[in-house]
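**Student:** Below: one structure in structure tokens.
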Amino acid sequence: MKPRALGYLGVNAKSAADWADYATRLVGMQIAEKTGGNLALRMDDRKQRLVIEENGGDGIAYFGWEMDDADALGAFCATLDKAGVRAEHGSRALADQRRVKDLVVVTDPIGYRLEFFHGAEVSDRPFNGGRVHSGFRTGPLGLGHVVTTAERVADAVPFYRDLMGFGLSDYYYKPFEAYFFHVNPRHHSFALIETGKRSIHHMMIEHFSLDDVGQGLDLTLKEEGRLAVTLGRHCGDYMTSFYTHTPSGFMTEHGWGGQLIDPATWQASHRTEGPSLWGHERSWMSPEGKVAARELCIENANRGLRRPVQVMEGNYNLMPGACPWWDSVPGKQR
Ligand SMILES: [Fe+2]
């Protein structure tokens, strides 16, 4: 038994008020509840997906990994026990706080707090986003993905792959070492990047509509210093996205069009084309890093790297693509 989705995240924050503004007006989430310094945020029918804790910190406080049911959680705990990994049973009060039926708590080799739960509460009120948009792609895919950095990622890969049962989607070594893991058809729900220090790199939330990404970008460009990574498209999950700085020292990737994989047949591969097909200039990178990343994109362009746009029923019109002139060109790229 293994986790089936990234169910929720707890976020350390210096200011819940900053998060309230950012998460609603820019990202499009809904404030479900404010209690003390805590802020519960909704993205869909779940009572909460993100919990902001005003504790003076930054980064992510806990990862909520969803199990099928009580039996699955029990079987998973038995596996952990066999491997000598300590899993602490969460109290009734903690489960109530997380809005779940039951949970256990484990610390990963990097030091992150992982909570494995089942039975998330669903709201009886419709989702009402903080800005007009077409909703987030969650459901069985979970809330999105999180990418963390570590001093040495090799320390954590066996833990996630062999013990947690996460499937390795792919990995690369340039322009940095990175490993991407799936727990459902979303290409990755979790990734590890080697940067020399432990931190949260970004969380990704996926919109149903590409226009919601573009309109989010317009809102972002109104704010000095909010944009972290320019619009671009990833080679691995095919996500078209841009990134913003959150108030908690990591970034949000605002994405659309992530590919779905079949976990039963997927084979992990070493990718050499780098993180992005095009775009994604990273404001946080060193000048040398930016040059290297841009070179990778230009190499991709020069060899005609293309990936199919991932569309969903109802959000596209299929155009007739026949062009006798283009079709007669030898070696053309589609
Ligand atoms: Fe991402």
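**Student:** Assign unit charges at the C-beta atoms only (+1 for Lys and Arg, -1 for Asp and Glu), then state the dipole size of region 13-164 relative to its Cα centre in Debye, rounded to the nearest 20. Mind dumping the intermediate values first?
**Tutor:** Values: 19 positive and 23 negative charges, 80 e Å.
Dipole of region 13-164, to the nearest 20 debye: 380 debye.
**Student:** Determine the dipole magnitude for the chain: charges of +1 sit on the beta-carbon of Lys and Arg, -1 on that of Asp and Glu, nothing else is charged, the reference point is the Cα centre, and the result goes in debye to the nearest 20.
**Tutor:** Numbers: 37 positive and 42 negative charges, 72 e Å.
Dipole magnitude for the chain comes out near 340 debye.
**Student:** Would you tally the net charge around VAL100, using a Cβ to Cβ cut-off of less than 9 Å, leaving VAL100 out, and scoring K and R as +1, D and E as -1? Walk me through the numbers before you get to the answer.
**Tutor:** Details: positive: ARG98, ARG99, LYS101; negative: GLU66, ASP96, ASP102, GLU115, GLU121.
Neighbour charge sum, excluding VAL100 itself: -2.
**Student:** Of the beta bridges DSSP finds with both residues in the chain, what % are antiparallel, to the nearest 5? Don't skip to the answer; put the middle values down first.
**Tutor:** Working: 54 of 75 bridges.
Percent antiparallel among DSSP bridges in the chain is about 70.
**Student:** If a/c stays under 1.5 just call it rounded; otherwise compare a/b with b/c (prolate if a/b is bigger, oblate if not). Do that for region 187-276, with a ≥ b ≥ c from the square roots of the Cα gyration tensor eigenvalues. Provide the component values of the computation, followed by the final result.
**Tutor:** Numbers: a/c = 2.19, a/b = 1.36, b/c = 1.61.
It is oblate, given that a/c is not under 1.5 and a/b is not larger than b/c.
**Student:** With +1 on each Lys and Arg Cβ and -1 on each Asp and Glu Cβ, and nothing else charged, work out how big the dipole of region 1-87 is about its Cα centre, in Debye to the nearest 20.
**Tutor:** Values: 11 positive and 13 negative charges, 18 e Å.
Once rounded to the nearest 20, the dipole reads 80 debye.
**Student:** A further question on this structure: Based on Cα positions only, what radius of gyration and what Dmax would you give for region 5-297, in angstroms?
**Tutor:** 18.2, 53
**Student:** Any idea what log10 I(q)/I(0) is at q = 0.14, 0.17, 0.23 Å⁻¹ for region 85-193, Debye with uniform C-alpha scatterers and no solvent?
**Tutor:** Taken in order of the listed q values, log10 I(q)/I(0) reads -0.73, -0.98, -1.30.
**Student:** Can you tell me, using C-alpha contacts under 8 Å and at least 6 residues apart, the relative contact order of region 98-163 as a whole percent?
**Tutor:** Details: 45 pairs, mean separation 19.0, N = 66.
The normalised contact order for region 98-163 reaches 29 percent.
**Student:** Please report the relative contact order for the chain, taking Cα pairs under 8 Å with a sequence separation of at least 6, and give it as a percent rounded to a whole number. Spell out each step's value before the answer.
**Tutor:** Numbers: 731 pairs, mean separation 51.8, N = 334.
Taking the mean separation of contacting Cα pairs over the length of the chain, I get 16 percent.
**Student:** Using a basic spin-label model with each label point 7 Å from the Cα along Cα→Cβ, how many nm lie between ASP162 and LEU221?
**Tutor:** Distance between label points: 4.9 nm.
**Student:** Project the alpha carbons of region 1-44 onto their principal axes and report the range along each, largest first, in whole Å.
**Tutor:** The principal-axis extents, from largest down, are 39, 21, 16 Å.
**Student:** Helix-derived [θ] at 222 nm for the chain: sum -39500 (n - 2.57) over DSSP H runs of at least 4, divide by residue count, nearest 500?
**Tutor:** Details: 6 runs with 58 residues, N = 334.
After summing the helix terms and dividing by residue count, I get -5000 deg cm²/dmol.
**Student:** Put +1 on the Cβ of each Lys and Arg and -1 on the Cβ of each Asp and Glu in the chain; which of LEU217, ALA95, ILE31 then has its Cα farthest toward the positive end of the dipole?
**Tutor:** The residue sitting most towards the positive pole is LEU217.
Read-outs: derived from the displayed coordinates by stated rules, not from any lab. None of these values were measured; they are calculated from a predicted model. Ideal geometry is used to build each Cβ from the backbone, glycine not excepted, and the neighbour counts take in all protein chains shown.
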